[in-house]
Every structure is written in structure tokens, then in C-alpha cells.
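Below is one structure, written out as C-alpha cells; comments come after it.
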């Protein structure tokens, strides 16, 4: 049994915690909502109210990290595109404030959930050897946070960069349904299902793959137009309409490293 702390029991963190508990692990889970504490407790999670701010961290942080060997950081940057200057480095500051508490704790392994947005929209086959070149503010801050964690010598950090997240109650086609003149019709999709996210995290922990970087995107890259049109038909939604203009985005994220190093097989039937 391993004691694991999951910072951020949201869409991914909560079902992940449940899976880890099913496998016999003890899990501390955090939320920023007091109303969610009973939900975590009912799931068998040791619940903690923890908020990371750019200038402080909740007092509960020490108890949340206590006796844990592994810390999974699964909190999104949540930056507002309308005023990026006001959000400059806010996420980075939150991670910076967290690190001293991790250093003083029993945590020896950190898994940081990042995003393939750190690569920008380079028109290439993207591997873990590709130099990140983030274009969005959230991508820039994620990459800065990655580097900050990786260079710390008090614990070992693995970076897990997910593509577009899909799964239970979450699919881009619902927001694209009925939209007109959508761009990038022929751009490839780079998606990953919640079930694969959870299974990959399990494998990293079980196989002790630390001090590493992994891209996690299903080896399934139809064009946006083909994929979202098909998904809209399957869900009886109004079909999205795409512009005929050719896309400049040809980025395909490779997950070959995960498939070989972790011997992982993606569950393509979910896509």
C-alpha cells in the first residue's frame, strides 16, 4: 500500500482517487469547496480543504501531505484570456508557494499533470524530445511550473502532458454542435479519454517511472471535421459546420514513449 496525496479532486482527480483506493492505496484528497468534503469522504478519500493562492497556502497543507510518499498535482491554471496581464505568473506563484511544504513533507515522488499546450501549434510530429514552445498564457505557466518542479532535488518529478480531455460528461462536440464556419477542419485531433488518463497514472506509480516526461494522447488522429461530425451524429446533435479554408495546424502528438516504456495499450474503443 502507498499513501498518495492528490491535489485537486476534480473531474480527473476524484475518479483517480477512487481507483487508487480500490487497488489498496490510502489517498488524501483536496478540494477548494467545503461542500465537496462529504463527497470525498463518502468515496473513502481522506478529505482536506486546501487552496493554493499566489501569496499563501491553506493551513491544512501540512496535514494533507503528512505521511504521503507520492503527490499528484492536478490543478489547472484557470487563466482568463480576457486579461492575461492580470494573471501573469499566478499559477507559477501558486506552485512556488507549494514547493517548500512538499520539501518539508514525507513526499519523495511528484506527478505533475500538465498539457500538450506547452508545445504550441508547431506543424510537426511532437515527441517528448520536442522543445516546448507554448503560445498561450496557460501553456507558458504550465511549462514554467514543470521546470520549477523538475529542478528541485528534494523529490523526483514526472511530468505527464495530456492532450484534449474527453470522457464522462466532457466532450468538445457538445460545445461545437450547431456552430458555423469552424476553423481548422483538416487539423488532426489529439485527445485522451479519462479512463486512459487514470490507467496511465496508475502505471507510472506502479512501475516507479520518476524523473521523466510523458506525452499522453491516444494514437488516433482523424481530422477535426471528420471526428466531430461523426460524434455529433452518434449523439444526435446538430452537426457542426466547418470552414473550407485549409488549416495551418498539422500537429500530431506522439505517445510512442508511453506505449513502449510503460508497455501501455490505449483503450481506443472509448474514442
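The values are calculated or read from the model by the stated rules, or taken from the named source; none is laboratory data. Nothing here was measured: the structure is a model prediction, and the numbers come from that model. Because the Cβ atoms are built from the backbone with ideal geometry, glycine has one as well, and the counts that use them run over all protein chains shown.
In table form, for the structure just shown:
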read-out	value
Failed condition for residue 106, given (1) more than 21 Å from residue 50 (Cα to Cα); (2) at pLDDT 95 or above	(1)
Those residues of the range 231-268 which are surrounded by 13 or more Cβ atoms within 10 Å (Cβ to Cβ) and either under 19 Å from residue 120 (Cα atoms) or without any contact (Cβ under 8 Å) to a residue 60 or more places away in the chain (or both), in sequence order	232, 247, 249, 250, 251, 252, 253, 254, 255, 258, 259, 261
Of residues in the range 236-250 being part of a loop (DSSP other than H, G, I, E, B) and modelled with pLDDT of 95 or more, the one farthest from residue 183 (Cα to Cα)	236
Of all residues making up the range 100-121, the number that are under 11 Å from the mean Cα position of the chain (by Cα) and assigned to a strand (DSSP E or B)	5
Meets criteria (over 20 Å from residue 149 (Cα atoms), out of contact with any strand residue (DSSP E or B) (no Cβ under 7 Å at 6 or more places or on another chain) and either surrounded by fewer than 23 Cβ atoms within 10 Å (Cβ to Cβ) or in contact (Cβ under 8 Å) with a residue 24 or more places away in the chain (or both)) for residue 93	no
Some residue of the range 180-193 being touching a residue at least 24 places away in the same chain (Cβ under 8 Å), under 15 Å from the mean Cα position of the chain (by Cα), part of a loop (DSSP other than H, G, I, E, B) and crowded, with 19+ Cβ neighbours inside 10 Å	yes
Residue that is touching a strand residue (DSSP E or B) at 6+ places or on another chain (Cβ under 6 Å) and closer than 17 Å to residue 224 by Cβ, where the choices are 181, 190, 123	190
